[in-house]
Amino acid sequence: MEVNNDNPTKSVTKRIFEGTSKKAGMSDEDIKLIDNYIHGVKDFSSIVTEASYIIDFAEQRFRFVANHGLFLGEHTCEEVLQLGFDFYPRTVHPEDLPMLIDAYRAILQYVDASDTDLSDLDYFSFTHRIRSYPHHQHPEYLMVYHRVKPVVIHDKVQIAFCSLSSSIVKKSGNLRIYYETQHTFDEYSFKTKQWKQVEAETLTQQEKLILKLAKQGKTAPEIAKMLNRSYSTVRNEKMNIFHKLHVHTTEEAIIYATNHRLIFT
């Protein structure tokens with residue numbers, strides 16, 4: 001497919017980086033570290049189910065795009081690499097594109113402004129809609145859960161590993177930052193442009209076990225028998241899970257809990 005570079009949204013890159021600091025000078029050792037990281041992500045992407053790609057914030061381009069239709073749509077990896085950030089308007093819902101740009105700006109500014117140790121920083125996440133069924137006359141959109149794992153060198157985000165998977169969250173936005181050893185997360189308000197600390201959702205060991213078994217295809221009666229509990233007890237515990245995670249079905253609970261690492265923590 002021929003790539004049209006006469007794109008009216010060529011300001012996407014500028015809008016992301018406006019107001020953020022320039023890249024930090026890197027030594028040969030820093031560059032080697034980043035190259036090793038990129039090679040590792042490329043190898044790992046072949047065995048994971050999520051769509052993945054690597055952003056080079058320092059050079060303001062994509063360094064790698066996995067061959068996964070969820071992100072690529074009707075485009076090839078080569079076309080997306082050539083388009084760079086100007087690929088986003090081709091796949092992100094028009095109403096969600098400003099939010100995605102603001103999300104990346106907020107991520108960069110968060111790191112820029114941080115005066116604390118970022119070694120415990122795990123990943124950022126947000127939700128938005130991307131094009132699905134691209135060959136249809138009227139494009140459909142799918143809500144995705146977008147994770148961004150930054151690599152911080154000299155207190156600046158140099159590159160980031162990104163992954164996309166389907167999301168059951170109904171609204172776009174939900175920009176969060178998670179830390180590896182904390183039971184809280186910071187949530188960003190696109191209205192106030194401020195971060196606020198929020199207590200993370202938690203599941204009891206029994207609730208985790210129920211979702212683990214449900215993830216294996218076990219029905220509620222089968223789970224009740226395996227756990228030596230009554231069906232009504234398991235049903236009530238599942239309803240409590242739905243309430244905690246703001247979902248309505250077991251499948252939605254599994255997707256949400258998997259995306260947010262609630263089952264195996």
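The values are calculated or read from the model by the stated rules, or taken from the named source; none is laboratory data. Model, not experiment: these values are computed from the prediction. Heads up, the Cβs are rebuilt from the backbone with ideal geometry, glycines too, and the neighbour counts pull from every protein chain shown.
Report yes if some residue within the stretch 149-160 is under 26 Å from GLN197 (Cβ atoms), in contact with a His (Cβ under 9 Å, 6 or more places away or on another chain) and touching a residue at least 12 places away in the same chain (Cβ under 8 Å); otherwise report no. No, the stretch 149-160 has no match at all.
Close contacts from the stretch 66-84, counting a first residue that is within 10 Å of ALA51 (Cβ to Cβ) and a second that is of a type in the set (Phe, Trp, Tyr), with Cβ to Cβ under 8 Å and a gap of 6+ residues or different chains, come to ALA66/TYR53; PHE71/TYR53. Pairing residues of the stretch 108-137 that are surrounded by 11 or more Cβ atoms within 10 Å (Cβ to Cβ) with residues that are modelled with pLDDT of 85 or more and acidic (Asp, Glu), at Cβ distances under 6 Å and at least 6 apart in sequence or on separate chains, gives HIS128/ASP96; ARG129/ASP96; SER132/GLU140; TYR133/GLU140; PRO134/GLU74.
Quick check on the stretch 51-65. Is at least one of its residues assigned to a loop (DSSP other than H, G, I, E, B), within 15 Å of the chain's Cα centre (by Cα), within 17 Å of ARG147 (Cα to Cα) and not polar (S, T, N, Q)? No. The set of residues from the stretch 187-226 being under 20 Å from the mean Cα position of the chain (by Cα), assigned to a loop (DSSP other than H, G, I, E, B) and surrounded by 12 or more Cβ atoms within 10 Å (Cβ to Cβ) comprises PHE190, ALA200, GLU201. Of all the numbered requirements in (1) assigned by TED's automatic domain parsing to the domain that holds GLN109; (2) out of contact with any Phe, Trp or Tyr (no Cβ under 9 Å at 6 or more places or on another chain); (3) among the basic types (Lys, Arg), LYS215 misses one, and that requirement is (1). Checked against (1) more than 12 Å from the chain's Cα centre (by Cα); (2) surrounded by fewer than 17 Cβ atoms within 10 Å (Cβ to Cβ), GLN158 passes all but condition (2).
Rundown of residues vs (1) in contact with a Pro (Cβ under 9 Å, 6 or more places away or on another chain); (2) within 20 Å of TYR37 (Cα to Cα); (3) at pLDDT 95 or above, yes/no style:
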position	(1), (2), (3)
PHE71	no, no, no
GLU74	yes, no, no
LEU83	no, no, no
ASP96	no, no, yes
GLN109	no, no, no
